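The values are calculated or read from the model by the stated rules, or taken from the named source; none is laboratory data. Everything numeric in this text was worked out from a predicted model, so none of it was measured. Here the Cβ positions follow ideal geometry from the backbone for every residue, glycine too, while neighbour counts run over all protein chains shown.
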There are 2 protein chains.
Amino acid sequence: MYYAVIFTSHRQSDDGYVETSARMLDLAKQQPGFLGIESARGADNVGITVSYWSDLESIKAWKANVEHREAQARGKSEFYSRYKVRICTVVREYEFER
Amino acid sequence: MYYAVIFTSHRQSDDGYVETSARMLDLAKQQPGFLGIESARGADNVGITVSYWSDLESIKAWKANVEHREAQARGKSEFYSRYKVRICTVVREYEFER
């Protein structure tokens, strides 16, 4: 079993966003318990990022990471008009590949 | 507690895709146990759709819906080069709104 963090956001400003989100992606990949990440943002500025983790402790540690906390603060003050975070356990999965 | 279905896909063709996905959105909203849906697709054709459900039975019933099954078949034969489905329980959530 593993965990998914679904981060759904409405972006209102992209000033500095690309650099910050690229840096957070790099940083997340270095965290213990990190399994993977998927991200999409449409032309309407609605974005969904799902990161995958081996355990809840790793999710907590990532949330508390100092550089990540600074990015979260910019997220609230600049980048996003709103967002929602859902922490989930993945109970089943299947896939298709051509 | 409620459930999230994370559908991550790589679209390879959009011929008929907009109509099919709009119809599936309408149809999903009519299903018992449906709670909500969020969707984003970037310029790279990677898309993430997360639908929310009250229980696993409703997710199963939606997967087995006849019209949805036809759309799934087109998904495999036409729209997507690959996709992954993860069924999750949402264990915690929080949100920010300006």
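Residue-wise test of (1) closer than 20 Å to B:Phe96 by Cβ; (2) at pLDDT 95 or above.
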| position | (1), (2) |
| --- | --- |
| A:Met1 | no, no |
| A:Val5 | yes, yes |
| A:His10 | yes, yes |
| A:Ala28 | yes, yes |
| A:Gln31 | no, yes |
| A:Asp55 | no, yes |
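Of the conditions (1) out of contact with any Leu (no Cβ under 7 Å at 6 or more places or on another chain); (2) within 28 Å of A:Trp53 (Cα to Cα); (3) aromatic (Phe, Trp, Tyr), B:Tyr17 satisfies every one except a single condition; which number is it? Failed condition: (2). Candidates A:Arg23, A:Arg11: the one that is under 20 Å from A:Glu78 (Cα atoms) and surrounded by 16 or more Cβ atoms within 10 Å (Cβ to Cβ) is A:Arg11. When B:Trp62 is tested against (1) more than 10 Å from chain A (Cβ to nearest Cβ); (2) under 11 Å from the mean Cα position of the chain (by Cα); (3) of a type outside the set (Val, Ile, Thr); (4) within 21 Å of A:Ala43 (Cβ to Cβ), just one condition goes unmet, and that condition is (4).
Among the residues here, A:Tyr17 does not qualify as closer than 20 Å to B:Ala40 by Cβ and within 11 Å of chain B (Cβ to nearest Cβ). Is the stretch B:63-72 home to any residue that is out of contact with any Asp or Glu (no Cβ under 9 Å at 6 or more places or on another chain), surrounded by fewer than 19 Cβ atoms within 10 Å (Cβ to Cβ) and β-branched (Val, Ile, Thr)? Checking the stretch B:63-72: at least one residue is out of contact with any Asp or Glu (no Cβ under 9 Å at 6 or more places or on another chain), surrounded by fewer than 19 Cβ atoms within 10 Å (Cβ to Cβ) and β-branched (Val, Ile, Thr). Taking A:Ala40 as the residue in question, decide whether it is at pLDDT 95 or above, over 19 Å from B:Phe96 (Cβ atoms) and among the aliphatic types (A, V, I, L, M). So A:Ala40 fits the description; yes.
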